[in-house]
Structures are given as C-alpha cells and as structure tokens.
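The values are calculated or read from the model by the stated rules, or taken from the named source; none is laboratory data. Bear in mind the structure is a predicted one, so any value in this text is a computation, not a measurement. Cβ placement follows ideal geometry from the backbone for every residue including glycine, while neighbour counts extend to all protein chains displayed. When the accessible area is computed, the model is the full protein with side chains, heavy atoms only, and any ligands, DNA or RNA have been set aside. Shrake-Rupley method; radii C 1.70, N 1.55, O 1.52, S 1.80 Å.
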There are 2 protein chains.
Amino acid sequence: MANNKQKRFLLTEDEIPTHWYNIQADMVNKPMPPLNPATKEPLKPEDLYPIFSEELSRQELNMTDAWIEIPEEVREYYKYYRSTPLVRAYGLEKALGTPAHIYFKNESVSPIGSHKINSALAQAYYCKKEGVTNITTETGAGQWGAALSYAAKVFGLEAAVYQVKISYEQKPYRRSIMQTFGAQVTPSPSMSTRAGKDILTKTPNHQGSLGTAISEAIELARTTPNCKYTLGSVLSHVTLHQTVIGLEAEKQMAMAGEYPDIVIGCFGGGSNFGGIAFPFMRHNILEGKKTRFIAAEPASCPKLTKGKFMYDFGDEAGYTPLLPMFSLGHKFAPANIHAGGLRYHGAGVIVSQLLKDNLMEAVDIKQLDTFKAGCLFAQSEGIIPAPESCHAIAATINEALKCKESGEEKVILFNLSGHGLIDMASYDQYLAGNLVNYELSDEEITQSIEKN
Amino acid sequence: MANNKQKRFLLTEDEIPTHWYNIQADMVNKPMPPLNPATKEPLKPEDLYPIFSEELSRQELNMTDAWIEIPEEVREYYKYYRSTPLVRAYGLEKALGTPAHIYFKNESVSPIGSHKINSALAQAYYCKKEGVTNITTETGAGQWGAALSYAAKVFGLEAAVYQVKISYEQKPYRRSIMQTFGAQVTPSPSMSTRAGKDILTKTPNHQGSLGTAISEAIELARTTPNCKYTLGSVLSHVTLHQTVIGLEAEKQMAMAGEYPDIVIGCFGGGSNFGGIAFPFMRHNILEGKKTRFIAAEPASCPKLTKGKFMYDFGDEAGYTPLLPMFSLGHKFAPANIHAGGLRYHGAGVIVSQLLKDNLMEAVDIKQLDTFKAGCLFAQSEGIIPAPESCHAIAATINEALKCKESGEEKVILFNLSGHGLIDMASYDQYLAGNLVNYELSDEEITQSIEKN
C-alpha cells in the first residue's frame, strides 16, 4: 500500500467530475415511490412541478440514468473551489495512536464553508434557466441557507430563507452571512404563513424544527408567483449533486494509492453522507467490493437507528408527498442540540432503502461525544469542525480505536462537511461544561411515531 | 497574454517553496538598525535572546542572506494547507465592469482562516527546538492568537495570549477558538502585569491596543522561566515567514501566464503586505521591473500616509528596542474600528525604509468603504473577507475602477489575508447602518506623535 507521506490530494480543473452519479439507476431494490397524499398514487415528476424546478423534479425520480451531466454553468462555479482537498489526517492518527489510515474530504474550504454550495449552485441554476425569479428554502444551523443565498446572488435570483428559530437565536451570525449575501431571513415558525401561525397558536414559543421551516417555505413558494422551493438535503436530487464529493474522493484516494475500507458521513437528511458514500458504494453494488458505509446521527434524533420505516410526510404541516423512509414521525420535535443541521425527523428515500437492504450501517452519537471529538480534531488538524461534522469525526474515532485494539491498518474516509467557525458559541458552552446529552427513551420514540 | 479561463491555480507539494525570501539582503538602502533604548547602541541579535528565540533574533537582523531555508518540520505542516489557491476574481471583475485582471491569493482557507499560521508554525517550531516550554503573545482581532494557539499545540508548547480588550469583547468567538486549541486568553490591559496595572490605574476602562498587549506579553515572557515572546507582525522575521505567500503567488501567476502590474495588501504591522509584495519587489530591485506595491491602511490609524518616520518603541510601555519606523507615536490610542488587526501605531522597519525610498506606496481607507468593498466581494466571490482584508479589497477596487476609466487591462494581485466569519458582528453593524468613519485631524496626529 503506497504511502508517500503526501498530505493533500487535489485535482486539476479538468479532472473535476463532469457528471453526478445517480445511484438509483444501479440499485437492485429501487426506493419505493413517493405517494401523492390525496390519491395515494405514485408520484410523477409533473406532480412536483408546482413546487420544484422541472429538471430537479425529473432528477428526483430518475431510476434509469446512472450519470447525469453537470451543466457547464454549474461546473464553471465549481471550479472556483473544487476539487476540495482530500487530506490524510496524520495529526489525528498520531493523537489516537491508531494504525488506521484516516483521510478526510475537506468541504469546509468552499466559499461558504460547507458542502451545501454544491447543490445550491445546481438548484439555483436550474431555477434561473426555467425563468424563476424568486427561490425560497428552510435552513437549520444556516449552512444550507448561506449556500443558497450566495447561489441565488450568483444567478440573479431573490432568496427568502426560513431559519429554524432555535438556530436563528443560537447562531445569529449565519443570519448575518445570509443577509450579507442579500437574502431575506425569517425565523421559523413565523406569523407569515398559515403553517407557522397554526404551530405558534398551538404551541407558543415553539423553537422550530426543519419540518416546520420546510412547511413555511413550501407555502411561500405555492403562494408566490414565479417562486420555487429548494431543499438542502433529504431529497434524492440533492444527494445526486453532492456525489461530486465522493467522485472526487475516488480519484484522490487513487492518487494516495488507497481505497477506503470504511466511509463515514454525518447524517441529517442524507445528502453529505450519500454524496461521499454513493460513488464508492457503486463499486460494492457492481463489483462486489466490501467497503462499509456508516451514517452518524445524533442520539437525540435517531431516525436511522431507532426510527420506523414507513410512509411519512417530509414536513410538519403535511404539505409534501408521502415519502417511504425511516422516520421518527413528522410531528417529532427534536431536542435543542447544537448540530442544527441534523435535527430532522426523517431520512432520504435512497438511504432508507439502502439501510433496509443492509448496504450501509448507522450509528448514533451523543452530543458530548461529538464535541469531544471536535476538540480533538481541532487540536490535531487545526480545523474547527461544524457540530454536524463532529458526528462523523466521532464515528471515525470509534472505528480508528477499534483498529488500535485489533492492530488493523484499515483505511477510513470521512466527510468534513463544514467548519464550525459560526458555531463557536456551541464550543463555548461545551468548554464551559454547560452542554448535556439528550437521549430518547423507547417510549418517547414510539409515542412520536404513533402521533403520525 | 494567456488567459485560458482557468479560475484557480495550485501548486503541488513539491512546488511549495523551500526557502523564505529575506528582502533585507537585496535592499540597496538597508533598514536603519533598531537601538537599545538604554545605550542607544545598534541592537545585536544577542540583545533579543532574553525575549525571543535565538534563531528568530538572528533572522530579525540578517542583512546578508537573501534565502533562508524553511525547516523541514515547518514545511511538513505547510503541506497540510499550502499552496493556498491563487484565484482569478472573475466575479468581482464582472461586478465592477473593469478590464483589469484581478487575482487574489486566498490565505483564508488555511486551517485557522488566515495567513498568520505561516509564521506561527515557524515561531513555535524554533521555540520548541531551543527548549522553550511556554510561549506568549498579543493579539488584536484574534487571527494571530488563534494561529499561535494552534501552532503551540502542534509543537507541544503552552500558549498564553493577551487579547486587546475591545476585540475580546467585539469578537468573543476568536477567544473560544484559542481556548478550543488549548490556550490561556486574557483581555488586555489586565491586572496580571505591571504594564497592564499602570495603564488601568491611569486610564480606567482602557479599551486596549496592540501596543499595550505587547507590553503585557513581553513582561510575562521576561518574568516566566523558559518562556519566550512571539509577535504576529511588525518584525522583520515575521514578514520573512510570510514571503511564502508571494513566492507561491509568483509561480501561480506564471501558471496563469501573467505578471502583476500592481500588488496590494492590507497593512497593520506589515507582515501580510510584505509577505505577498517582497518576492515581486525583488524583481523591481534586481531586474528593474515596474510593479507598483500598495499598502492599504485604515484612515483611523494612518501611520504610513500621515505618520512620522522616527525611532519609536513598538509597545505602549516602552519595553521593546527603539525601531526606526513610520509611527503615530507609541502612546497612540487607535479608534475602535472593526479591523482589530490593523490598530497598531507603527510600521515594520523594512516597510518603513521602502516607503521612504519610494519603492512602495500607501493609501488609507475609511471604515465604511472597507465594509462596502467586503460586501461586494462576498456577493461576487462568495467569500466573506476579514475586515482587515477588506482594506486590500477596497484599494483593489479603486485601482480596478481607474482601469475602467482608462481602459487599461492591468493585472492586479491582492492578498486575501483571512476570512471574516468570526467578524459577522461587525458586518451586522455595518448592514444595520451603525458603523461610522473615524478620521484623524492633523492636530490629533501631531499631538500623538509629540506625546512620544
């Protein structure tokens, strides 16, 4: 196994992928179809046109084309920051004393500081191309909202963002970032939509959730001319765009002369996990490779490890199609953990099917363990990771420590989905000893699912 | 002039510079010598040993070696993030409608988010090598303190940082970053040193300045066994380490098939400016090239444009040697601008000599113009720049708009010294219309200088 001690691996502009990888085409068991909630009929792309760009709607349900071309205009913007570096984490390996080879894909050096920009540029581009003038979305911690705000500016669109209220308050500077890019930002739930009003009258001082913010953004798109809704994760087309991460990593791992035994991503709706995992999973499906894929989710929001596979809404108000997914129920109110981007009740339909078919694994991580992992990573690699990314780091550390016990030189690759520089208030709380773990009892989970 | 529309230019690990460039060796008029304040004798390296690492002391006064080897151990750490990208700012060019070709060196993607890490790693390394266990320093906005905290961790040293109080309060999350890296952070002026006590008893509620924080850090180093002081700018050895920026940029500009007509850096103590400028200035000195070099300083702290060339102390308490430099007087109390890293009364001795000899220029920029420039850059390039870097961007925009008027296709290169993600409170204030310009009258400047 070659190891020339090179630390970073980068691609030239002409090596940046020209196509995204659509794993749906290669899956033996396809995801079950989303259903129209009124008719219970399988969804057709046309059913999504009122809310989404038409091209994105077609990508969402495309079960046949494994490779979808990245539009020239989007690739031109990718070139400003891609490839992102693949980095060998020698510092972390040394700190752990593990024989494992740890690599991370550093999406934190994108202009807006996370992987979210990869799909934001694509979604804004398709909307612009189809004559849309206004786009709307929801955001949790604000990584997605910041990415969409910048992408909207790039393509000359107006952006309106509903930010989950608890994150709006915990991380005020992500709001400032969105505003610096020129977006309108509203804390959710708000009184500006029926969905928001319903929730606020039923539950005053509701702290918000991604499910609620999605309802508000969809309602705004439905009731505003020439306005489309965009989503930062969960949906299959978002994950499709994020496969640029894994496709680059594949080439970069080859430059390092290695191939991953384990691929790890944190898990909110599935897009950064799928983005790094699916291009490698392709080789498991088509060539029988045996790489393990681990999704790392918060113990306080354990849809993959403790949720139920069922048809459920993607949002709190029930505006979305019914999605076949692992879910905690769309009325689930997640605890106020600092990884705002992972506070979502369901998993994407692709990942849900893959998990059902044992093509991947999931682990849940407690909040204190995520920050402990984040601090160790910061001290050994110099990068302060987003609280979301800390879940992937914690899972990586667990696997690397198993290697230390067994003496195995496994190759572990994880996605550093974003930096945590806007999350320093959370680190502050952690360092001051003010953070706690939130775990759900089986009863609480059952109750939440039964509320459906 | 080749322009293949490539956006980013990166070097491979083996193209990263192996030597720093010491412009002092090539200067026809050498900087005047620093003086021992007691004897008024020119300083010898040995005079600095009680405070600084011995190797750094020798580098400081080295007038003969143009190339100084970067230690292997430092280069190994450089490889984790260097080369930083050279980026063609097509977005900004388009927004301005200028025929100028604008390039920026993106130091914001270093692990700690700015160029400061380049010297922090070197300084921590030399201290470690010489058996030092504790290092201390001052920091303004916190970019340097964050870099030194991480570098100390890398080489197994304890770090104590005095942060200028106004920045400690304006930017609490840089403190958190330093603490996450394991450093001790104290707001300055503090009651922990004689220098701090003197200032606080004379001026209660003093907001602090870099000059004051330097006094405190030097005092700590002097009174603590096995502890050395380190500095983030001003001194010649710091600028030396930063030349890795310009040396890379030289190769990267060649990849782009261009050579800069104008090189611009923001100016606090001179290290990021000198870092990007000196490797190109070398060709002016040795080969008669005609590149212009512009240092962009705050209108509220105009030592280059309105200060006086004189022997002055580097700190408020008068602990440092007397330095021959453009200065506003070491008792100068800068206004509370948000570019905390530029609130320093003096300029480095090299830059001061170069300015005297008309080998470079200086411009001053008003606070509101810097944020206006920063927002335009953010919206056109997706990166939110540090308030310090906004000074370089504003100067770049001024030059690019002159090109628009004249129709000249000049090549402009500036250093994006860091991102502004920890400075979002400042952007917030700007967007809310709460910021003002601070300008000094000639009387105020004269008074400050005469206080000396």
Are there residues in the stretch B:110-151 whose accessible area shrinks by at least 30 Å² when all protein chains are included rather than the chain by itself, and which are they (probe 1.4 Å, ligands and nucleic acids not counted)? B:Pro111, B:Tyr150
Which is farthest toward the positive dipole end of the stretch A:205-287 among A:Pro279, A:Leu220, A:Pro260, measuring Cα position about the Cα centre, with Cβ charges +1 (Lys, Arg) and -1 (Asp, Glu)? A:Leu220
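If r is the Cβ-Cβ distance from A:Asn226 to B:Tyr311 and R0 is 60 Å, what FRET efficiency results, to the nearest 0.05?
0.35
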Using a Förster radius of 56 Å, what is the FRET efficiency between B:Glu54 and A:Asp357 based on their Cβ-Cβ separation? Nearest 0.05, please. 0.30
In nm, to one decimal, how far is the modelled label at B:His283 from the one at B:Asp26, with both set 7 Å along Cα→Cβ? 1.0 nm
For the stretch A:1-76, what is the relative contact order in percent, using Cα pairs closer than 8 Å and at least 6 residues apart in sequence? 39 percent
Under 5 Å between amide hydrogens, which residues at least 5 positions from A:Ser188 or on another chain qualify, with H placed 1.01 Å from N in the peptide plane? A:Gln163, A:Val164, A:Lys165
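Can you give the Kirkwood hydrodynamic radius of the stretch B:162-295 from its Cα pairs, in Å with one decimal? If you can, show how the numbers build up before the last one.
Numbers: mean 1/r = 0.0577 Å⁻¹.
17.3 Å is the Kirkwood radius here.
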Where labels lie 7 Å past Cα in the beta-carbon direction, separation of B:Glu46 and B:Thr133 in nm: 2.8 nm
What's the carbon and sulfur percent of the stretch B:55-173's accessible surface, probe 1.4 angstrom, rounded to a whole number? 48 percent
Label 7 Å beyond Cα on the Cβ vector: A:Pro50 copy-to-copy distances, nm: 8.1
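Is the shape of the stretch B:1-88 rounded, prolate or oblate, going by the alpha carbon gyration tensor and its root eigenvalues a ≥ b ≥ c, with a/c under 1.5 for rounded and a/b larger than b/c for prolate?
Prolate shape, in that a/c is at least 1.5 and a/b is the bigger ratio.
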Quick check: pseudo-label points 7 Å beyond the Cα along Cα→Cβ at B:Ala432 and B:Thr12, how many nm apart are they? 5.2 nm
In the stretch B:353-396, which residues become less accessible by 50 Å² or more once every protein chain is in place, relative to the chain on its own, using a 1.4 Å probe? B:Gln379, B:Gly382
Inter-copy label distances at A:Glu361, 7 Å along the Cα→beta-carbon direction, one decimal in nm, shortest first? 6.3
Counting every C-alpha pair in the stretch A:372-412, the percent lying more than 11 Å apart is 62 percent
accessible surface per residue for the stretch B:302-452, probe 1.4 Å, DNA/RNA/ligands not counted, whole Å² -> 34 Å²
Share of Cα-Cα pairs in the stretch A:13-161 beyond 29 Å, whole percent, is 30 percent
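Pop out the Kirkwood hydrodynamic radius of the protein assembly as shown from its pairwise C-alpha distances, inverse of mean 1/r, in Å to one decimal.
The Cα-based Kirkwood calculation yields 28.0 Å.
Only helical DSSP H runs with n ≥ 4 go in: add -39500 (n - 2.57) per run for the protein assembly as shown, normalise by residue count and round the 222 nm mean residue ellipticity to 500 deg cm²/dmol.
So the helix-based figure for the protein assembly as shown works out to -12500 deg cm²/dmol.
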Where the only charges are on Cβ atoms (+1 Lys, Arg; -1 Asp, Glu), what is the dipole of the protein assembly as shown about its Cα centre, to the nearest 20 debye? 580 debye
When the chain is fully extended, how far beyond the present Cα-Cα distance does A:Glu444 get from A:Glu72, taking 0.36 nm per residue of separation? 129.1 nm
About the Cα centre of the stretch B:377-446, how large is the charge dipole given +1 on each Lys and Arg Cβ and -1 on each Asp and Glu Cβ? Please answer in debye to the nearest 20. 340 debye
Using r as the Cβ-Cβ distance of B:Ala95 and B:His19, and R0 as 45 Å, what FRET efficiency do you calculate, to the nearest 0.05? 0.75
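Let's see if you can work this out: charge +1 on each Lys and Arg Cβ, -1 on each Asp and Glu Cβ, no other charges. What is the dipole magnitude of the stretch A:1-135 about its Cα centre, in debye to the nearest 20?
Values: 16 positive and 18 negative charges, 173 e Å.
So the dipole magnitude of the stretch A:1-135 works out to roughly 840 debye.
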Most to least packed among A:26-33, A:199-206 [average Cβ atoms within 10 Å]: A:26-33, A:199-206
Using alpha carbons only, how many degrees (0 to 90, rounded to 10) separate the axis of helix A:271-287 from the longest principal axis of chain A? 60 degrees
Ratio of the Cα radius of gyration of the stretch A:288-438 to 2.2 N^0.38 Å, where N counts its residues: 1.10
Counting only other chains, and only Cβ atoms inside 10 Å, what mean value do you get across the residues of A:330-336? 0
Computed over the Cα atoms of the stretch A:220-323, the Rg and Dmax in Å are 16.7, 53
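Take every Cα pair under 8 Å in chain B that's 6+ residues apart, average their separations, divide by the length, and report that relative contact order as a whole percent.
Relative contact order comes out at 19 percent.
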Counting all Cα-Cα pairs in chain B, those more than 27 Å apart amount in percent to 48 percent
In square angstrom to the nearest 100, the accessible surface buried at the B/A interface, both sides summed with a 1.4 Å probe, amounts to 3800 Å²
Using a ≥ b ≥ c from the Cα gyration tensor of the stretch A:354-452 (square roots of the eigenvalues), is it rounded, prolate or oblate, where a/c under 1.5 gives rounded and otherwise the larger of a/b and b/c decides, a/b for prolate? oblate
Expressed per residue, the solvent accessible area of the stretch A:151-274 in Å² (1.4 Å probe) is about 29 Å²
Taking a point 7 Å out from Cα toward Cβ as the label site, list the nm distances between B:Glu287 and the same residue in every other copy, smallest first. 4.6
Which aspartates and glutamates have a Cα lying under 13 Å from the Cα of B:Lys153, excluding residues fewer than 8 positions away in the same chain? A:Glu381
Take the solvent-accessible surface of the protein heavy atoms, probe 1.4 Å, and return the percent of it on the stretch A:273-373 that carbon and sulfur atoms account for. 50 percent
Find the relative contact order for the stretch A:182-303 and round it to a whole percent, using C-alpha pairs within less than 8 Å whose residues are 6+ positions apart. 19 percent
